[in-house]
Amino acid sequence: MTAGQHRHDRDGATIAAIATPPGPGGIGIIRISGPAAGSILSELFIPHRQKPRVSHQLTYGRLVDPASGRPLDEVMAVFMTAPHSYTREDVVEIQCHGSFLVLQEILGLVLKVGAVAAEPGEFTKRAFLNGRIDLTQAEAVIELLQAKTGEGMQLALSQLEGGLHERIVALREALIAIKAVIEVAIDFPDEDVEIIKPRQMLNDLQGQVITPLNDLITAAERGRIFREGISVVILGRPNVGKSSLLNSLLQEDRAIVTEIPGTTRDIIEEYLDIRGIPVRIIDTAGIRQGAEAVEEIGIRKARQKLASADLVLLVVDGAVALTEEDRALAEIIGGQPAILVVNKIDLAPGKDLRPYQTDFPRFAPVAISAKTGQGLARLEAAVFAEVSGGGEPWEPNACVPNVRHAAALAGALAASRQLEGALRENLPPDLLAIEVQAGLDHLGDIIGETTTDDVLEMIFTRFCLGK
Ligand SMILES: Nc1nc2c(ncn2[C@@H]2O[C@H](COP(=O)(O)OP(=O)(O)OP(=O)(O)O)[C@@H](O)[C@H]2O)c(=O)[nH]1
Ligand SMILES: [Mg+2]
């Protein structure tokens, strides 16, 4: 099945939606796509100067209710003829004042004269179904909209420009060349000359398929944190400076800080950017014995957050000796990735950190002062090193497959390895053909050629309305 064979959910319908976010703004945009887009515009829009409609030209005029003749807003409208548009269909965009009421009224009229309300992602889905972009590029659109760091944005952009698409197409071409030879061998079983030259084929398979597949899978693993981000939990006994650490990382007074132990009782979650990694940082209630009821609930929540954390910052008070509670917390953290943060170093300048390694052999200690900011850069570097496996910051134009792609790449790799084994054992060509086809199908899933409708559905419902 090719992209064109996926059925349009609503063949022939003209769809419309508000494309700008709700709430007052400078301008608001209504987007219409489909065969009736142009006639809907003609019905509702009175240009300031009557002249023939020119594609891709912004025209000033008034939006009027044809039933009553009542003007709704002064607008700029643009008509884009198929196939030179986002969806490859006729597209109209109406720019009005960014009032949600105005937008709703205009959308109401557009629907009344023949459009249907678009579903989330339906414009981009049409761009995909009409072959303007492949599935990896459609996914890149969502990632671009949702990117939280500059690096995430760069990754999305290079995928939108077809970086991953090209790599997958090259892999498929290599497999198709191998398939062609195998098919000849199936068609001419009695040829004297050996059609399949296993040495040559194994070489091609390794160099053009297996090695590049491995590279892409590695990139997906390394890049996952840049796409999805990580969650970091700040843990420690009361009053060691957990909330102060959160505040200094965020560079704002987000959490309440007092000298009274047990200040934080609920979970506080914020986002920050550590060298391009979107980090959800979570401040928790100090964990101790004998806490009263509300605090106890906070402690329970802290333990839950710990379970799903990618990294733990265990904070201790560097101005005093370690306590049994500190050691108990290390026990709770167990084998999870963690960094020991020795806080309040301003009160103990030049403190020797080596003894901490005896107590916490698994954790690398970093001395900081949440109060003065000393050591924070080193802590950020330690966080980055811990979660990126010591890797370099991401280079621009890198090709980083997402989780869905990675699963399909793994499937393609498994099929290629099967093919490799079958070639080595000189198995008959029809068995080889099965493995080649399996590899091709997995790659087809990535770019959307063989993707099932429910997977498509899952991808496009992640979009917002009007995109
Ligand atoms: N001198 C100094 N004091 C600090 C530092 N970090 C925090 N403090 C002080 O330590 C006290 C406790 O800080 P918090 O950030 O509220 O500690 P916490 O770990 O969040 O405490 P709970 O929420 O009660 O568990 C406050 O009086 C802070 O001003 C630091 O680096 N140096
Ligand atoms: Mg606190």
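Nothing in this text is a laboratory measurement; each read-out follows from the coordinates by a stated rule. Here the structure is a predicted model, which means the values were calculated and not measured. Cβ coordinates were reconstructed from backbone atoms using ideal geometry, including for glycine residues, and neighbour counts include every protein chain displayed.
The table for this structure:
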{"quantity": "GluC sites (Glu not before Pro) lying in DSSP loop within segment 248-300, provided at most 10 other Cβ fall within 10 Å", "calculated": "E252, E259, E292"}
{"quantity": "Value at 222 nm in deg cm²/dmol, rounded to 500, when DSSP H runs of n ≥ 4 in the chain each add -39,500 (n - 2.57)", "calculated": "-14000 deg cm²/dmol"}
{"quantity": "Over 22 Å between alpha carbons, listed pairs K305/K351; K51/K112; K51/K125; K148/K242; K242/K301", "calculated": "K305/K351; K51/K112; K51/K125; K148/K242"}
{"quantity": "In segment 184-237, GluC sites (Glu not before Pro) in a DSSP loop with at most 13 other beta-carbon atoms within 10 Å", "calculated": "E191, E194"}
{"quantity": "Gain upon complete extension [E221, D453; 0.36 nm per residue less C-alpha separation]", "calculated": "80.9 nm"}
{"quantity": "Zone of A398's modelled label, taken as backbone nitrogen in segment 199-221 under 15 Å from a point 7 Å along Cα→Cβ", "calculated": "215-221"}
{"quantity": "Segment 99-204, relative contact order in percent, only Cα pairs under 8 angstrom and at least six apart counted", "calculated": "15"}
{"quantity": "Amide H partners (placed H, <5 Å) of T450, local residues excluded", "calculated": "D445"}
{"quantity": "Loop-located trypsin sites (Lys or Arg not before Pro) in segment 20-103, at most 11 other Cβ atoms within 10 Å (DSSP)", "calculated": "R49"}
{"quantity": "Candidate aspartates and glutamates for bridging to K179, where Cα separation is under 17 Å - those fewer than 8 sequence places away on the same chain excluded", "calculated": "D187, E194, D204, E420, D430, E435, D441"}
{"quantity": "For segment 187-227 and segment 254-271, distance of Cα centres in Å", "calculated": "54"}
{"quantity": "Ratio of the Cα radius of gyration of the chain to 2.2 N^0.38 Å, where N counts its residues", "calculated": "1.29"}
{"quantity": "Packing rank of 233-245, 423-435, 155-167, where each peptide gets the mean count of other beta carbons within 10 Å, highest leading", "calculated": "233-245, 155-167, 423-435"}
{"quantity": "Relative contact order, percent, the chain [alpha-carbon distance under 8 Å, six or more residues apart]", "calculated": "18"}
{"quantity": "Debye equation applied to the C-alpha atoms of segment 289-424, log10 I(q)/I(0) at 0.11, 0.14, 0.15, 0.21 Å⁻¹", "calculated": "-0.61, -0.82, -0.89, -1.32"}
{"quantity": "Cβ-derived FRET efficiency at R0 35 Å, T258 paired with C464, nearest 0.05", "calculated": "0.30"}
{"quantity": "Segment 36-95 versus segment 292-359: alpha-carbon centroid distance in Å", "calculated": "62"}
{"quantity": "Potential extension, I195-M76 segment - 0.36 nm per residue separation minus Cα distance", "calculated": "36.4 nm"}
